[in-house]
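For reference, the structure discussed in these notes is given below.
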Amino acid sequence: MLTISEIYLSIQGESTHVGRPMVFVRLAACDLRCTWCDTPYAFTGGRKQSIEDVIADVDRHGCRAVEITGGEPLLQAGVYPLMEQLLARGYDVLLETGGHVPIDKVPDPVVAIVDVKCPASGESQRMHWPNLDELSPHDEVKFVIQDRADYDYASDVVARHNLPERCRAVLFSPVHGVMDPKQLAEWILADRLPVRLQLQAHKYIWSPDTRGV
């Protein structure tokens with residue numbers, strides 16, 4: 001059984017898959033409390049569903065791409081057979097994870113989008129650094145940037161771990177409504193960083209507080 005916060009069809013607003021229609025399976029529960037978290041409603045609650053029921057809900061949307069997110073989806077043991085079964089049914093599967101839970105058991109074909117928490121999140125000390133050694137060439141690493149200190153921290157991690165050579169993309173995402181995207185863009189350009197500026201497209205299409213998008 002899995003504890004599910006919501007399942008819905010939307011446009012992918014993040015990663016290199018931005019703009020792509022996708023089914024989102026949001027699992028409930030998270031043991032992080034990032035200061036800028038935009039889905040605190042997924043910390044608790046949710047409904048119990050079998051893996052078969054979750055897949056049936058995904059099937060009903062008629063879309064062949066799925067992102068499993070949270071909360072922190074890797075806290076639930078049932079997420080691994082869920083990913084395996086979705087892959088077996090021919091789905092493209094993405095996983096959004098907070099970076100503090102090992103990803104070594106994630107099936108290889110899954111695109112893991114791994115957060116590295118920066119200092120302003122309040123959770124940077126929780127990072128499971130061996131995850132960066134587990135990255136596949138199709139995986140992506142995301143940094144949510146709130147201020148210059150976060151930018152400097154992220155830039156150092158990118159360089160020390162040679163991330164552009166280890167994964168498909170390194171994403172620098174400004175905290176929506178806090179970090180000016182123009183300022184972040186100027187820092188990236190000035191330093192010639194081999195990263196992508198990521199804006200959360202769904203927050204521009206819909207209101208930032210809209211759920212189920």
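Determine by what factor the alpha-carbon radius of gyration of the chain differs from 2.2 N^0.38 Å, reporting the quotient.
My calculation over the Cα atoms of the chain gives 0.97.
Helix 148-160 sits at what angle to the longest principal axis of the chain, using alpha carbons and giving 0 to 90 degrees rounded to 10?
Result, in degrees: 80.
What aspartates and glutamates does residue 105 reach when the alpha-carbon gap must be under 16 Å and sequence neighbours fewer than 8 apart in one chain are set aside?
In chain and number order, the partners are 72, 84, 96, 133, 134, 139.
Which semi-axes, in whole Å and largest first, does the equivalent ellipsoid of region 69-142 have when worked out from the alpha carbon gyration tensor as the square roots of 5 times its eigenvalues? Intermediate values should be presented prior to the final figure.
On the way: eigenvalues 99, 32, 20 Å².
Three semi-axes, in Å: 22, 13, 10.
List the lysines whose alpha-carbon lies under 16 Å from that of residue 182, not counting same-chain residues fewer than 8 positions away?
Cα-Cα hits under 16 Å: none found.
At a Förster distance of 25 Å, what's the computed FRET efficiency of residue 126 paired with residue 57, Cβ-Cβ distance as r, to 0.05? The partial results should precede the final answer.
On the way: r = 31 Å, r/R0 = 1.23.
Result of the calculation: an efficiency of 0.20.
Would you calculate, for the chain, the mean residue ellipticity at 222 nm contributed by helices, counting each DSSP H stretch of 4 or more residues as -39,500 (n - 2.57) and dividing by all residues, to the nearest 500?
Details: 5 runs with 48 residues, N = 213.
After summing the helix terms and dividing by residue count, I get -6500 deg cm²/dmol.
Given a Förster distance of 22 Å, report the FRET efficiency between residue 39 and residue 176 from their Cβ-Cβ distance, rounded to the nearest 0.05.
Working: r = 12 Å, r/R0 = 0.56.
According to the calculation, E is roughly 0.95.
Between 19, 151, 119, whose Cα lies farthest towards the positive end of the dipole of region 1-151 when Lys and Arg beta carbons carry +1 and Asp and Glu beta carbons carry -1, centred on the Cα centre?
Positive-most Cα among the choices belongs to 19.
Sorted by packing (mean other beta-carbon atoms within 10 Å per residue), highest first, where do 6-12, 62-68 land? Walk me through the numbers on the way to the answer.
Numbers: 6-12: 16.9, 62-68: 18.6.
Descending mean neighbour count gives 62-68, 6-12.
For residue 6, what residues show an amide H to amide H distance below 5 Å, using hydrogens built from the backbone and excluding near sequence neighbours?
So residue 6 has HN proximity to 26.
For region 79-92, in order, what is each residue's ³J(HN,Hα) by Karplus, 6.51 cos²θ - 1.76 cosθ + 1.60 with θ = phi - 60°, in whole Hz (x at glycine and Pro)?
Each residue of region 79-92 in turn: 5, 6, x, 4, 4, 4, 6, 5, 4, 5, 8, x, 7, 7 Hz.
Per-residue HN-Hα couplings for region 43-59, Karplus 6.51 cos²θ - 1.76 cosθ + 1.60 at θ = phi - 60°, whole Hz, x for Gly and Pro?
Values per residue, Gly and Pro as x: 4, 9, x, x, 10, 7, 9, 6, 4, 4, 5, 4, 5, 4, 5, 5, 4 Hz.
With Kirkwood's inverse mean 1/r over C-alpha pairs for Rh, give me the Rg to Rh ratio of region 133-188, two decimals please.
Details: Rg = 11.7 Å, Rh = 11.8 Å.
Across region 133-188, the Cα-based Rg/Rh ratio is 1.00.
To check you understand DSSP bridge types, tell me what percent of the beta bridges within the chain (both residues inside) are antiparallel, rounded to 5. Numbers along the way, then the final one.
On the way: 10 of 33 bridges.
Of all bridge pairs located within the chain, approximately 30 percent are antiparallel.
Could you give the nm distance between label points at residue 16 and residue 47, where each point is 7 Å from its Cα heading toward the beta carbon?
Placing both labels 7 Å beyond Cα along the Cβ direction yields 3.6 nm.
Coordinate-derived values only; no laboratory data. Since we're looking at a predicted model, the values are computed, not measured. Quick reminder, even Gly has a Cβ in these numbers, built from the backbone with ideal geometry, and neighbours come from all protein chains shown.
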